[in-house]
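*Asks:* Handing you this structure, nothing more for now.
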């Protein structure tokens, strides 16, 4: 089988082909590694590739197949891991010079579960320093480029994961999302990204830091079914994360069947406060009409709550400052200047201000809760702009209007504040060929329905066969 056919194969199909002895795990891994070696120098999605251990793992997986051993649900399938997550025996830098040579002695919980399911780690994907911004660039590895336009950002902080997925350099990727860090790069790179409910996938162990109530781990894939397959493996209680949700009998992959007839859907083009690029608005509005063809009741509606930007910004700034401020005297020269300034400014946040931010978070949730008593899903754009130029942290003007530093990502962080499940589905391309995504937000803890809605949209408006031209 030729390299491109292997590398564009969905993980579910790959898993079944390996089990049926129609495809060798070694053949798969060799094809993936060749593609990484050829394309990664162009986009810088992987910061570490573990050629030797990946091939060794593939050979061991092949031996198990040939012996007729019991195989896990991801047996022989390559997976990339975001470089903020610990991987035992594999360098984990977190985008920072302070950990440039760090090799963890333990796996993050999700990594542990993926390996137990038979997945084989192919490498670590690039991220900004300590995951602090929604673009992917750092002093150790440099910027990750967007496969659709090498002069544009891949987004962040899971930019390496989304860029690698877009370039078909492994069928599964693990990302994390504290304010949009799965959905933003998936949107910019034209792949599927899923932010589970807070606590659905246990977090840690990992680098110091406390994004309590905000950050989650989740899949980035080319298809919704692959994400559901991955969720079946990584979701579920683990007491090492005291926020992890109780186990359920739900299987996400099997929940994707059925139709959406009668579902009540709200479409909000701006959440009542966002400025949106005209092309993004046009493309996402057209995508919303797909749900009408699926039998859903769709109406324009916006939650009657103000932006939670202050609540989000205060908590994240305090968390970053608390985890990094005491490192400045020793490691300050290893921090990016903008991060150093941000940390120093954030130390002025008082305990009262932090608690007020937590109270604002609860107030915001109360308004959203009432809104979702009327609707099953809320649809929005994923970001207010398509992928912008590499070298800037954020555009400060959209459609001729000045915006705040978070003005380009007004749709993602609100649902970290609420902890709700949310997906980014590719829904179109701009005139100059940049992907645009639609966000699907579901009710609290209703991950299965969000994945089901995303799968129905994918079946009606498929995207996975559209690839960036990198060679």
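Bear in mind that the values in this text are calculations on the coordinates, not laboratory data. Every value quoted in this text rests on a predicted model; they were computed, and no experiment measured them. All Cβ positions, even for glycine, are placed from backbone atoms using ideal geometry, and neighbour counts span all protein chains on display.
*Asks:* I want the antiparallel fraction of DSSP beta bridges within the chain, as a percent rounded to 5.
*Replies:* So the antiparallel bridges in the chain amount to around 70 percent.
*Asks:* Ok, one more. Using Cβ contacts closer than 10 Å as the measure, can you line up 99, 194, 325, 354 from fewest to most?
*Replies:* 325, 354, 99, 194
*Asks:* On to the next question. Please figure out what share of the DSSP beta bridges in region 29-164 is antiparallel and state it in percent, rounded to the nearest 5.
*Replies:* 50
*Asks:* With contacts defined as alpha carbon pairs under 8 Å and 6 or more residues apart, what's the relative contact order of the chain in percent?
*Replies:* 16
*Asks:* OK, next. Between rounded, prolate and oblate, where does region 377-471 land on the alpha carbon gyration tensor, with a ≥ b ≥ c its root eigenvalues, rounded for a/c under 1.5, else prolate if a/b exceeds b/c?
*Replies:* Oblate shape, in that a/c is at least 1.5 and b/c is the bigger or equal ratio.
*Asks:* Give me 436, 65, 352 ranked fewest to most by other Cβ atoms within 10 Å of their Cβ, as a rough exposure proxy.
*Replies:* Fewest-to-most Cβ neighbours within 10 Å comes out as 352, 65, 436.
*Asks:* If you split all Cα-Cα distances of region 91-144 into 10 Å bins from zero, what percentages do you get per bin, shortest first?
*Replies:* Taking every Cα pair in region 91-144, the percentages come to 24, 44, 30, 3.
*Asks:* Given [x] 24.9; [y] 27.6; [z] 22.0, which label gives Kirkwood radius over Cα pairs in Å as computed from the coordinates?
*Replies:* This structure yields the entry labelled [z].
*Asks:* Order by neighbour count: 82, 115, fewest other Cβ atoms within 10 Å first, most last.
*Replies:* Exposure proxy ranking, most exposed first: 115, 82.
*Asks:* Based on Cα positions only, what radius of gyration and what Dmax would you give for region 203-246, in angstroms?
*Replies:* Here Rg and the maximum Cα pair distance are 12.1, 33 Å.
*Asks:* Taking the Cα centroid of region 87-140 and of region 152-167, what is the distance between the two, rounded to the nearest whole Å?
*Replies:* Going from one Cα centre to the other spans 15 Å.
*Asks:* Report the far tail of the P(r) of region 325-407, meaning the percent of Cα-Cα pairs longer than 20 Å.
*Replies:* Result: 64 percent of Cα pairs exceed 20 Å.
*Asks:* Return a whole-number percent for the relative contact order of region 92-192, with Cα pairs under 8 Å and 6 or more residues apart as the contact set.
*Replies:* For region 92-192, the relative contact order is 22 percent.
*Asks:* How big is the gap, in Å, between the Cα center of region 1-49 and the Cα center of region 328-393?
*Replies:* Computed from Cα coordinates, the inter-centre distance equals 36 Å.
*Asks:* What number, rounded to the nearest 500 deg cm²/dmol, is the helix-based mean residue ellipticity at 222 nm of the chain, given -39500 (n - 2.57) per DSSP H run of at least four residues and division by all its residues?
*Replies:* One gets -11000 deg cm²/dmol as the mean residue ellipticity at 222 nm.
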